[in-house]
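In what follows, a single structure is set out as structure tokens and then discussed.
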Amino acid sequence: MDGKKLALTLAQCYGVSGDEQSAAHVAASYLKGWGEVRSDALGNLICTLRAPKDGGPHMMLCAHMDEIGMIVTHILPDGFLRVAAVGGVDRRTLLASPVKVLGREKLDGVVCSIPPHLQRGDDAKKIPPMEEIAVDVGLSFEQAKEKISLGDRVVVCHSGAAMGEHCISSKALDNRAGCAAVIRAAELLKDEELTCGLSVVLSTREELACNGAKTGAFGLCPTHAIAVDVSFALTDDAPKEKCGELGKGPMIGVSPVLSREMSDGLIRCAKDRGLPYQLEVMAGPTSTDADVITLTGSGVRCGLLSIPLRYMHTPAELVDVRDIESCAALMAEYIIDRFGGTEREAD
Amino acid sequence: MEKLMRLIKDLSQIGGVSGDEGAVRAYIRGQLEGHCDMRTDALGNLICKKKGAKAPAHRLMVEAHMDEVGFIVTGITESGMLRFDTVGGIDARVIIGKPVLVGPQAVRGVIGTKAMHLQSAAERDEMPQVETLSIDIGASSKEEAESLVRLGDSGVWDSAFVSFGDGFVKGRALDDRAGCAIMIDLIQGDIPFDTTFVFTTQEEVGTRGAQAAAYEVAPDVAIVLETTTAADIAGVAPANQVCRLGKGPVLSVMDKGTIYDKGLVRFAMDTAKRRDIPVQIKEGVYGGNDAHAVHVSRSGVRTLAVSLPCRYLHSPSCVLKVEDIAATRDLTAALLGMEGPAPAL
């Protein structure tokens, strides 16, 4: 499978939190050959590649498939739309952005931008609050009411493209890059003899308190899990100690809320297999699905792998595809090391 | 109309930041081959002499600018990031998170900053200085970046041309490629009087191309075909909207650069009325255009600006209404039939 194409295809799907069906549909098309695919009441996409033995270990690989965006809250008398943020929208990126309004039909629009001639003093430096953000869909009030329902989601468009030798840029690489890694890991593991059950969960609503992963993990009741998300890749203006580096491999999470045993195991596996990795050390909750997976039922051992990503929560997110691939490889190798059916020689 | 819209779409996809208008000029030259006498002057202006049915009593120049606002690469960092400056007036608030194309090879890039999660509360509400931003082309080193981009390369937003809503279009650089497209359309047809059409350069950095062109052409009367800021959007009081989409071409009486010829404004109003073409007067004294340079050329040129009302000027998402484009073309065509100098008032 071409990892670049997979990640870009997934990232270009629409799937703002709570409305992930389009993304789920495309993701399911990759998974369905490898196991039964189903969804739960909150829309999580679940694929069990290998059922666990009764009382035996069950590994869940989880990545959230929802993306940040906006939701239509009001149609103004002149046909412009008021919107609220779904997840953490970086308002500095919104003005004059091309958008899609995702109702019964998909409509193009533009985020209104007050022209410079009407700005006073420091206005040009100020970012309007969400309450002042409006979307221009080129329709009158009556026309807009006909085509748009309150609650329709809105996404900022970015056509997505390969850049440089190894990079891609698109909207929603947070966390379709993670979805791509999990799908690739599933592909690497689909024919492996394993002593554990193996399921994939592409979760919904992560950007709102990880609500999808709560029910997704509960439904599976795994014994072990690896959550895959994105984390900050270093740019010139960011604090170095809080960032990984692009192209240097997945960031293995180390945190009081994660399973130390699994973090250590992932590190050991990366070293043994010569896979690139970096560490991401956090002092508490990780702000990923791992936080809720660990507390499912009577508790789940959970590790966290993060793909370094620049410009998080903007339409121009950027990742190095090699990090997706090495993340998938690390997951697969770790699971084979730990639950492989046949003994492997240590390198 | 279909042909005119295709011209606008094509032109909006070509990069032509001020001082780097060659690709736009080449496209226009291709369109006009065989329709007029063409010459490119020292500043890159494309001067087109078009024969009409008759010789006019006065010398008429119609002009529109080819250049657009954009970016210029000023440095390449050790980590392979491009430092840049803006060319022309760009609102810093429409830069972050936007995809761009850099240099003659149209290398893809994005303009980003650190993630919002790493920003302080104050940072989230304030635009960073443009000087602190950079363009990321996915290069992992200075050497890799230098193999793709040179200092001085131009950058433009990467923005699709899209039809949307009730007869609207959205695209990059519609300021002033829409004006260029209307001129191409007129030159490709028959016109009543000999007319000089000029596609100018460097408007966005001080109407510089027009200054040289107006001197060279030495017109008696000039029509500047432009786009002008429309603020008929959510949250703007009617008195501040300046002009409105769907209400036809905009005639300026005064802006920051020019007080326009009253006789020509009156003549254009009367012509529009007679032809049943909608027209509106620009409400407010804002902005400026090539008229600034043209009307003070030599011993003075009687000058009129006919503009398309345009939302979100100088952003990746300029928005025009198709019916305004048609009306502006029709009004300009009618004005080409000016029998003699309109009476001065």
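Every read-out reported here was derived from the displayed coordinates using simple, explicitly stated rules and does not represent laboratory data. From a predicted model like this one, the values you see are computed outputs, not experimental measurements. All Cβ positions, even for glycine, are placed from backbone atoms using ideal geometry, and neighbour counts span all protein chains on display.
Some notes on this structure:
- In percent, rounded to a whole number, the relative contact order of chain A is 23, using alpha-carbon pairs under 8 Å and six or more apart.
- Chain B - convex hull of alpha carbons, volume per residue in Å³: 141
- Taking 12 Å as the straight-line reach from the Cα of A:Lys240, the aspartates and glutamates in range (excluding those fewer than 8 positions away in the same chain) are A:Glu280.
- Averaging 1/r over each pair of different alpha-carbon atoms in the protein assembly as shown and inverting the result gives 27.0 Å, the Kirkwood hydrodynamic radius.
- Residues B:Met81, A:Met1 arranged by fewest to most Cβ contacts within 10 Å: A:Met1, B:Met81
- For the pair B:Ile281 and A:Asp2, a Förster radius of 60 Å applied to the C-beta separation gives a FRET efficiency near 0.55, rounded to the nearest 0.05.
- On Cα atoms only, tilt of A:260-273 relative to the major axis of chain A in degrees: 80
- Put in order of Cβ neighbour count within 10 Å, fewest first, the listed residues A:Ile114, B:Ile28 become A:Ile114, B:Ile28.
- Binned Cα-Cα distances of segment B:70-157, short to long, each 5 Å bin given as a whole percent: 3, 15, 27, 24, 16, 10, 4, 1
- Average beta-carbon neighbours from other chains, 10 Å sphere, peptide B:94-106: 5
- Counted residue by residue at 0.36 nm each, then reduced by the alpha carbon distance between them, the extension gain from A:Ala84 to A:Glu132 reaches 16.3 nm.
- Model label sites at A:Asp191 and B:Val296, defined 7 Å from Cα along the beta-carbon direction, differ in position by 7.8 nm.
- Each Lys and Arg adds +1 at its Cβ and each Asp and Glu adds -1 at its Cβ; summed about the Cα centre, the protein assembly as shown shows a dipole of about 1320 debye.
- Contact order, relative form, for chain B: 23 percent (alpha carbon pairs under 8 Å, 6 or more residues apart, mean separation divided by residue count).
- Here is the list for segment A:114-218: GluC sites (Glu not before Pro) lying in DSSP coil, each with at most 12 other C-beta atoms within 10 angstrom of its C-beta, are A:Glu193.
- A crude spin-label estimate for the pair A:Asp337 and A:Glu36, with each label 7 Å from Cα along the Cβ direction, gives 3.3 nm.
- Hull volume per residue, based on the alpha-carbon atoms of segment B:12-117 and their convex hull, is 144 Å³.
- Note on chain A: Rg/Rh from Cα positions, Kirkwood definition for Rh, rounded to two decimals, is 1.00.
- Degrees separating the helix B:322-335 axis from the principal Cα axis of chain B, which is the longest one: 40
- Taking trypsin sites (Lys or Arg not before Pro) across segment B:1-66, the ones in a DSSP loop with at most 15 further Cβ atoms lying within 10 angstrom of their Cβ are B:Lys51.
- Percent antiparallel among DSSP beta bridges (both partners in segment A:235-328, rounded to 5): 50
- Cα extents of segment B:217-339 along the three principal axes, largest first (Å): 43, 30, 26
- DSSP finds beta bridges in the protein assembly as shown, and of those with both partners inside it, around 65 percent are antiparallel.
- Kirkwood Rh, angstrom, segment A:228-273 [1 / mean 1/r, Cα pairs]: 12.0
- Distance between the 7 Å Cα→Cβ label points at A:Ser149 and A:Lys242: 3.9 nm.
- Angle in degrees between helix B:174-188 and the longest Cα principal axis of chain B, rounded to the nearest 10: 40
- Calculated on alpha-carbon atoms, Rg and Dmax of segment A:1-89 in Å: 17.3, 61
- Over segment A:207-347 - Rg/Rh using Cα atoms and the Kirkwood inverse-distance radius: 0.97
- Coil-residue GluC sites (Glu not before Pro) of segment A:285-347, DSSP, other Cβ within 10 Å capped at 13: A:Glu343, A:Glu345
- Taken as Cα centroids, segment A:151-184 and segment A:1-59 sit 16 Å apart, rounded to the nearest whole angstrom.
- Volume per residue that the Cα convex hull of segment A:71-156 spans, once the total is divided by residue count, Å³: 90
- The reciprocal of the average 1/r between distinct C-alpha atoms defines the Kirkwood hydrodynamic radius, which for segment A:161-289 equals 16.4 Å.
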